[in-house]
Amino acid sequence: MGEWYVEYEIQVNRPGLLGDIASLLGMLRVDIVTINGVDGRYRGMLVHTDHDQQIKRFELIASTMDTIVIHKIREPKLRDVLAVRHGHYIQRGTDDRRTFQFIRSELGILVDFLAEVFKQDGHKLIGVRGMPRVGKTESVVAASVCANKKWIFLSSTMIKQTVRTSMMGDEFSDDNIFILDGIVTRKSSDERHMQLVREIMSMPTIKVVEHPDMFVKQSEYTIDDFDIIVELRTDIDQEITYDILEKNDQMSTHNPMGGFDMFNG
């Protein structure tokens, strides 16, 4: 395997403790790649070794120490990598483990999370829930830039209401990130747009759907088709509802200023 995630909790915090742990890992020929405090209670490390049995030896030795308690030793998951980078774990839904929850002050972590997902190959359908102006579209675009991917809007209200009916050239590349607004697409009466959406949905690439719950209404897709659901809130207590979103969408269709209203974002 080579790469491991190690997380421990300090029981007796004394000077030189980290040095002792680092020295022990060094003697076992395990290199510390990154280390950081996690969630204010734990210390997380990404480590590397060419001899995986040395990790088992470290775990055995650490179990005899009264200064630390090992909580996790495993192959690094994306949440582990981001926890070490940013100092705390991304929150997950209690009922649906595909759901990852963020608040607006965590936009940097969200962009980092999405960028790592965007770097992966093959099909992935991602839904993004959130109220207007919370940063949904901006986060997806920023993550595309970080992942060095080109983003294509199939439908959007970011600048003005946009509904694409065709693409050409390298826009059909499997390496692009395709973004659509579920409310705008759902309300579109243009069959050419819906056919384009179906065509993109069948491609082995990454698709991001804002307002996925509205997108699946009156369509052949279901929430179960989504691999990841991201929820973005202004604060942890904000409720994500769709009444105001649909009302704003109706207003934007009559907006002479090209769709600049509170529905953006």
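The values are calculated or read from the model by the stated rules, or taken from the named source; none is laboratory data. It should be emphasised that the depicted structure is a prediction, and the values quoted were computed from it without experimental measurement. As a convention, Cβ positions derive from the backbone with ideal geometry for all residues, glycine included, and neighbour counts pool all protein chains shown. Accessible surface is based on the protein model in full, side chains and every heavy atom, while ligands, DNA and RNA are left aside. Shrake-Rupley method; radii C 1.70, N 1.55, O 1.52, S 1.80 Å.
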Of all DSSP beta bridges in the chain, antiparallel share, percent nearest 5: 50
Might you tell me the accessible area per residue for region 144-189, computed with a 1.4 Å probe and given in Å²? 49
For the chain, what % of the accessible area comes from carbon and sulfur atoms, probe 1.4 Å? 51
Summed over the other residues with a beta carbon less than 9 angstrom from that of residue 126, with K and R at +1 and D and E at -1, the charge totals +1
Per residue of region 104-112, what does 6.51 cos²θ - 1.76 cosθ + 1.60 with θ = phi - 60° give for ³J(HN,Hα)? Whole Hz please, x for Gly and Pro, Karplus curve as stated. 4, 5, 9, 4, x, 5, 4, 4, 4
Honestly region 120-177 on the Cα gyration tensor test (a ≥ b ≥ c root eigenvalues; a/c under 1.5 rounded, otherwise a/b vs b/c for prolate or oblate) is just oblate
Would you mind computing the Rg to Rh ratio of region 49-182 from its alpha-carbon coordinates, Kirkwood style for Rh? 1.10
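Can you sort 211, 123 by solvent-accessible area, 1.4 Å probe, largest first?
123, 211
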Sequence of 203, 65, 214 when ordered by accessible area, the most exposed leading, probe 1.4 angstrom: 65, 203, 214
Can you compute the charge dipole magnitude of the chain about its Cα centre, using +1 on each Lys and Arg Cβ and -1 on each Asp and Glu Cβ, nothing else charged? Give it in debye, rounded to the nearest 20. 280
Eigenvalues of the Cα gyration tensor times 5, then square-rooted: what semi-axes does that give for region 1-96, in whole angstrom, largest first? 22, 17, 12
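Can you give me the accessible area per residue for region 53-95, using a 1.4 Å probe, in Å²?
Numbers: 2500 Å² over 43 residues.
That works out to 58 Å² per residue.
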Once the convex hull of the alpha carbons of region 172-215 is built, what does its volume come to per residue, in cubic angstrom? 61
Whole-Hz Karplus ³J(HN,Hα) for region 143-148, in order, using 6.51 cos²θ - 1.76 cosθ + 1.60 and θ = phi - 60°, x for Gly and Pro? 5, 4, 5, 4, 7, 6
Sequence order, region 154-166: Karplus ³J(HN,Hα) from phi using 6.51 cos²θ - 1.76 cosθ + 1.60, θ = phi - 60°, Hz rounded, Gly and Pro as x, gives 8, 8, 6, 10, 5, 10, 9, 5, 10, 9, 7, 10, 7
Spatial separation of Cα centroids for region 138-169 and region 98-135, in angstrom: 15
Calculated log₁₀ intensity ratio I(q)/I(0) where the Debye formula runs over C-alpha points of the chain, q = 0.08, 0.14, 0.16, 0.17 Å⁻¹: -0.42, -0.95, -1.13, -1.24
